[in-house]
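Peer 1: First the structure, which I've put down as structure tokens, then a few questions once you've had a look.
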Amino acid sequence: MLRFGILSTAKIGRELVVPAITDAENAVLSAVASRDEARARAMADRFGAPHAFGSYEEMLASDVIDAVYIPLPTAQHVEWAIKAADAGKHVLVEKPLALAADDIAPVIAARDRNGVIVSEAFMVTYSPVWAKVRDLIAGGAIGELKQVQGAFSYFLRDAQNMRNKPELGGGGLPDIGVYPTVTTRFSTGKEPQRVSATVSFDPEFGTDIYASVRAEFEGFELSFYISTQMAGRQTMAFHGTEGLIEVVAPFNANRWGEEAVHLSNQSHGETQIFRFQDTRQYKLQVEAFARAVSGEAGQIFTLEDSVRNQAFIDAVYRAGESGGWETV
């Protein structure tokens, strides 16, 4: 059983990842750390963790955990991922790991010099829904892929929310722009070649609140938009010469809608619906991470993959500023 410690009492940890750890077959929640020890103890008691710490450093120095999950504000991810690795702990760090691809190099160096597993928490890459999409495309179910379209939006104008604070790493592209990019890359096994984009910023917050992106891949194009100030929407569609794949609730599986993949095939004149019963992608992520730590064969989201996905986002920002095409 991989013993996890949680670095902070952040909402995503409380609501999604910590329950996944407690439900995982090969992991256990051992400790919670907060700068407020009372808050750490309250969360530890809630989830049955035996240890609570009043500082992050104290937990990292302890021998009661093997791995750390980091749901801190984005701007602190790189710093604490390195500190955790240097403490000899394996690291699962919330996405986005960094705000620039170049910032990930020191994390890779820390991983390598300490011989630990460090992974960015892209739960969608562990979902059987997205594995099905990948297999359908690879198997020729829609013929030759030509166009991918996506959208991810929500409305949030709370000035106190970290997503609206640039100093904490807020902004739409770091928060949700990474999902159309990572799922397209995961499903096709291909990387973008160049990008054009429109990116808009909130004059009060200073964070990006809208982006419309066009990316050219070998053989197909991806177009998507994201926004933090539009009504909620999630969609991903893969359009080929012989068919169409549409993913229901592509990112917030089961919370946004049923977990399903719709396949329409022009040649067969029929639509197939592949349904998945509560896949619990966060739980699958934790279990895959724990297997990687134990040395079992299997795939996790690597830091090298993190670099490639962040380079995509970096190119979107550059394209939004330049108004032209930018090489990824």
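Rundown of residues vs (1) closer than 20 Å to Asn309 by Cα; (2) out of contact with any helix residue (DSSP H, G or I) (no Cβ under 7 Å at 6 or more places or on another chain); (3) assigned by TED's automatic domain parsing to the domain that holds Ala290, yes/no style:
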{"residue": "Leu29", "(1), (2), (3)": "no, no, no"}
{"residue": "Val68", "(1), (2), (3)": "no, no, no"}
{"residue": "Pro71", "(1), (2), (3)": "yes, no, no"}
{"residue": "Glu79", "(1), (2), (3)": "yes, yes, no"}
{"residue": "Ile82", "(1), (2), (3)": "yes, no, no"}
{"residue": "Ala87", "(1), (2), (3)": "no, no, no"}
{"residue": "Gly139", "(1), (2), (3)": "no, yes, yes"}
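Peer 1: Now a separate question. Residue pairs, Cβ under 6 Å, 6 or more apart or interchain, first in the range 203-216 and in contact (Cβ under 8 Å) with a residue 24 or more places away in the chain, second part of a loop (DSSP other than H, G, I, E, B). List them.
Peer 2: Final answer for the pair search is Thr207/Gly170; Thr207/Gly171; Asp208/Gly171; Ile209/Asp202; Ile209/Thr228; Ala215/Pro192; Glu216/Gln193.
Peer 1: Here is a further query. Restricted to the range 17-50, and to residues that are assigned to a loop (DSSP other than H, G, I, E, B) and hydrophobic (A, V, I, L, M, F, W, C), which residue is nearest to the chain's Cα centre (by Cα)?
Peer 2: Step one: list which residues in the range 17-50 are assigned to a loop (DSSP other than H, G, I, E, B), which gives 24-26, 34-36, 48-50.
Adding the requirement that they be hydrophobic (A, V, I, L, M, F, W, C) leaves 24, 49.
Numbers: Ala24: 19, Ala49: 25 Å.
Among residues in the range 17-50 that are assigned to a loop (DSSP other than H, G, I, E, B) and hydrophobic (A, V, I, L, M, F, W, C), the one nearest to the chain's Cα centre (by Cα) is Ala24.
Peer 1: Select, from Pro106, Pro96, the only residue that is surrounded by 18 or more Cβ atoms within 10 Å (Cβ to Cβ) and within 21 Å of Arg308 (Cα to Cα).
Peer 2: Selected residue: Pro96, the only one of Pro106, Pro96 that is surrounded by 18 or more Cβ atoms within 10 Å (Cβ to Cβ) and within 21 Å of Arg308 (Cα to Cα).
Peer 1: Can we say Ala297 is of a type in the set (A, V, I, L, M, F, W, C) and either buried (at least 22 other Cβ atoms within 10 Å of the Cβ) or touching a residue at least 60 places away in the same chain (Cβ under 8 Å) (or both)? Step through it out loud before you land on a result.
Peer 2: Numbers: of a type in the set (A, V, I, L, M, F, W, C): yes; either buried (at least 22 other Cβ atoms within 10 Å of the Cβ) or touching a residue at least 60 places away in the same chain (Cβ under 8 Å) (or both): no.
Answer is no for this residue.
Peer 1: I've got another one for you. Please note which strands (runs of 3 or more DSSP E) are completely contained in the range 217-289 and include at least 1 residues that are without any contact (Cβ under 8 Å) to a residue 12 or more places away in the chain, of a type in the set (S, T, N, Q) and in the same structural domain as Asp135 (by TED's automatic domain parsing). Spell out how you get there, then give the answer.
Peer 2: Working: elements: 220-227, 229-240, 243-248, 259-265, 270-276.
Those strands (runs of 3 or more DSSP E) span 270-276.
Peer 1: I've got another one for you. Does Tyr154 satisfy the condition of being in contact with a strand residue (DSSP E or B) (Cβ under 7 Å, 6 or more places away or on another chain), surrounded by fewer than 20 Cβ atoms within 10 Å (Cβ to Cβ) and aromatic (Phe, Trp, Tyr)? Lay out the reasoning, then the answer.
Peer 2: Numbers: in contact with a strand residue (DSSP E or B) (Cβ under 7 Å, 6 or more places away or on another chain): yes; surrounded by fewer than 20 Cβ atoms within 10 Å (Cβ to Cβ): yes; aromatic (Phe, Trp, Tyr): yes.
Yes: the conditions hold for Tyr154.
Peer 1: Can I ask one more? Any residue at all in the range 84-97 that's in a helix (DSSP H, G or I), under 21 Å from Glu296 (Cα atoms), in contact (Cβ under 8 Å) with a residue 12 or more places away in the chain and small (Gly, Ala, Ser)?
Peer 2: Quick first cut of the range 84-97, residues in a helix (DSSP H, G or I) only: 84-86.
This time we only want the ones that are under 21 Å from Glu296 (Cα atoms), so: 85.
Checking the rest, the ones that are also in contact (Cβ under 8 Å) with a residue 12 or more places away in the chain come to 85.
Restricting the remaining residues to those that are small (Gly, Ala, Ser) gives 85.
So far as the range 84-97 goes, yes, one or more of its residues are in a helix (DSSP H, G or I), under 21 Å from Glu296 (Cα atoms), in contact (Cβ under 8 Å) with a residue 12 or more places away in the chain and small (Gly, Ala, Ser).
Peer 1: Tell me which residues, restricted to the range 290-328, are acidic (Asp, Glu) and either within 15 Å of the chain's Cα centre (by Cα) or in a helix (DSSP H, G or I) (or both).
Peer 2: Filtering the range 290-328 for residues acidic (Asp, Glu) gives 296, 304-305, 314, 321, 326.
Selection gives Glu304, Asp305, Asp314, Glu321.
Residue-wise test of (1) touching a Ser or Thr at 6+ places or on another chain (Cβ under 6 Å); (2) exposed (fewer than 12 other Cβ atoms within 10 Å of the Cβ).
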| residue | (1), (2) |
| --- | --- |
| Gly269 | no, yes |
| Lys283 | no, no |
| Ala315 | no, no |
| Ala319 | yes, no |
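Peer 1: While we're on this one: Take the conditions under 25 Å from Pro106 (Cβ atoms), of a type in the set (Val, Ile, Thr) and out of contact with any His (no Cβ under 9 Å at 6 or more places or on another chain) and apply them to Val293. Does it pass? Quick ask: steps written out before the conclusion?
Peer 2: Working: under 25 Å from Pro106 (Cβ atoms): yes; of a type in the set (Val, Ile, Thr): yes; out of contact with any His (no Cβ under 9 Å at 6 or more places or on another chain): no.
Criteria not met by Val293.
Peer 1: Out of Phe251, Phe312, I need the residue that is in contact with a helix residue (DSSP H, G or I) (Cβ under 7 Å, 6 or more places away or on another chain) and closer than 29 Å to Asp23 by Cα. Which one? Before you say what the answer is, go through the steps one by one.
Peer 2: Working: Phe312 fails: closer than 29 Å to Asp23 by Cα.
The conditions single out Phe251.
Peer 1: Could I ask something else about it? On the basis of being farther than 30 Å from Val91 by Cα and of a type in the set (A, V, I, L, M), does Ala253 make the cut?
Peer 2: no
The values are calculated or read from the model by the stated rules, or taken from the named source; none is laboratory data. Because the structure is predicted, anything quoted here is derived from the model rather than measured. Here the Cβ is made from the backbone with ideal geometry for all residues, glycine too, and neighbour counts use every protein chain on show.
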